[in-house]
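Written below as structure tokens is the structure these notes are about.
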Amino acid sequence: MSTAAGVRAPLGRIVALRIMLFAVLAMLAQLVAVLVEYGSDPEYLSLLALEQETDVLAEGLATSGTRLSYQLPPDLADRYGTDASGYVARVRTASGVVLFSHCDEACTQHFLPLDLNPPTFWLRVLSPGYPLSFAGGRIIESGDQRIFFEIAVKGDTQNVVWEVMGDEVLDHMVLPMSLTLIFVLGATLISIRAALAPVTAAAAQAERLDPLSPDARLEEAGMPREIAQLAGAVNRSYARTRELMEAQRLFTSAIAHEIRTPLAVIRLELESIDHPAARRTMGELDDLTHFVEQLVALARLEAADRTGFKPVALDEIGSDMVGTLAPFVYARGASIAFEPSRNPIVLGNAALLKDAVRNLVENAVRHGGPGVSIVVATDDGPGIGVTDNGPGFDPLPAPDELPDPPGYYRRAGGLGIGLEIIRRIAALHGGRLEISRLEPRGTKARLVFAAAPVTPAQ
């Protein structure tokens, strides 16, 4: 389904993006706080650097049976395998057996004597502040042996401090906050989806609402309060629409009934006048009377109830109307025939469907010209149509191209609103009116419906 212009992204996406944005901002703020806190305590950073460096050095330990050996990890070759690098290290057993040594005079100045039983952990800051300068050592157990790792850093030329800061940020900030973000996002999206489920259901229900139905409303039960308020506003809007439509129907019906009586009186007076002008006036008066009758029919349509619709056989509708209208058609010099199909079934009101077919036939007789041939036919659409070989009829324009007030149902200067009545009958049955021009001449008007789910009992 395409998104209409101006419609924003789904609520879940908007909330997720905003949560991620604020999470990133929070992580940046936390990063600044971590840098400030750690940066203000170089001694604590020295302790962390000692732990990190000795852990990496311990990766070079190897055992073969009871024999213990050590090989400097390749990643530390530039740091602890190069002279004058500013980093020195020594690996020995608790008894003083040296497994690895990259020492200069710092070993003598800063490391513990070999004959001294080493402590589990020790650290001495050589120079306060930055860059880091410290010496220290810690015991790491390998199997049943205790190995003592000692390092000294003078000036931190390879920026061990930034590696320490990076590991701290990753271990204690990025990973925990990322996991928290994932859970928060998941919980938020699930909560939004659950909260909007009534809205989705209400939208689907609103698509099926019939404004003419007296019980057309959105179900507010089970909705969150804010969404229920929106549904209530929609229901009140539908109620006002029904009131306006009812008022319009009553007004139209009242006006039509008020006009019918004086029209009948005028026609009686004209019948007593033996003059050609009176005969012409009576013909125009008949057209006006027909127009008023259509207004009454249109007003009655507004009050039609769909709940009483039943399966209707279109072949029977077409056959009945052809038989009923044949005298009217032949009296005006036209002809009419019926072409059945496989008796398609629709849910509807038989009287209204007959009115629609009657209007189509009368329209064809009125505007088809002398000797017009009319065919009423059903099809498996399901549908029922009226075809004539008259001068033709321009198709209905699109709804956004309709004039105001509507005048698209005129043909050959006619005053009737028959096509508007037909269109509304079709809409009332969930169908539509299709009008097309035939070549080389003629018009086909077809009512198309949805198939009935059941067939009438035989």
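The values are calculated or read from the model by the stated rules, or taken from the named source; none is laboratory data. This structure is a prediction, so every number in the text was calculated from the model and none was measured. Cβ: placed from backbone, ideal geometry, glycine included. Neighbour counts: every protein chain shown.
Observations on the structure shown:
- The one condition from (1) under 20 Å from ASP167 (Cα atoms); (2) touching a residue at least 60 places away in the same chain (Cβ under 8 Å) that GLY129 does not meet is (1).
- Qualifying residues in segment 254-277 (those that are at pLDDT 75 or above and small (Gly, Ala, Ser)) - the one nearest to LEU352 (Cα to Cα): ALA264
- Listed conditions (1) surrounded by fewer than 16 Cβ atoms within 10 Å (Cβ to Cβ); (2) under 47 Å from the mean Cα position of the chain (by Cα); (3) part of a helix (DSSP H, G or I) are all met by GLU59, apart from (2).
- Against the list (1) without any contact (Cβ under 8 Å) to a residue 40 or more places away in the chain; (2) surrounded by 12 or more Cβ atoms within 10 Å (Cβ to Cβ), the condition SER40 fails is (2).
- In segment 99-126, the residue that is surrounded by the fewest Cβ atoms within 10 Å (Cβ to Cβ) out of those that are among the charged types (D, E, K, R) and assigned to a loop (DSSP other than H, G, I, E, B) is ASP115.
- Scan segment 347-378 for residues that are modelled with pLDDT of 90 or more and part of a strand (DSSP E or B) and the total you get is 6.
- In segment 138-151, the residues that are buried (at least 19 other Cβ atoms within 10 Å of the Cβ) and either part of a loop (DSSP other than H, G, I, E, B) or in contact with a Gly (Cβ under 8 Å, 6 or more places away or on another chain) (or both): PHE148, PHE149, GLU150, ILE151
- THR54 being in contact (Cβ under 8 Å) with a residue 60 or more places away in the chain, outside any loop (DSSP other than H, G, I, E, B) and buried (at least 17 other Cβ atoms within 10 Å of the Cβ): yes
- Taken over segment 144-178, the residue count meeting the criterion of being without any contact (Cβ under 8 Å) to a residue 24 or more places away in the chain and more than 60 Å from the chain's Cα centre (by Cα) is 1.
- Among the residues making up segment 379-406, those that are modelled with pLDDT of 80 or more and not in a loop (DSSP other than H, G, I, E, B) are ASP379, GLY383, ILE384, GLY385, VAL386, THR387, ASP388.
- Residue in segment 407-415 that is in contact with a helix residue (DSSP H, G or I) (Cβ under 6 Å, 6 or more places away or on another chain), outside any loop (DSSP other than H, G, I, E, B), at pLDDT below 85 and of a type in the set (Lys, Arg) present: no
- Of the residues making up segment 144-187, those that are modelled with pLDDT of 80 or more and either touching a strand residue (DSSP E or B) at 6+ places or on another chain (Cβ under 9 Å) or not hydrophobic (A, V, I, L, M, F, W, C) (or both) number 20.
- Against the list (1) in the same structural domain as PHE148 (by TED's automatic domain parsing); (2) touching a residue at least 40 places away in the same chain (Cβ under 8 Å), the condition LEU31 fails is (1).
- Boolean, GLY129 is in contact with a helix residue (DSSP H, G or I) (Cβ under 7 Å, 6 or more places away or on another chain), part of a loop (DSSP other than H, G, I, E, B), under 30 Å from GLN30 (Cβ atoms) and not basic (Lys, Arg): yes
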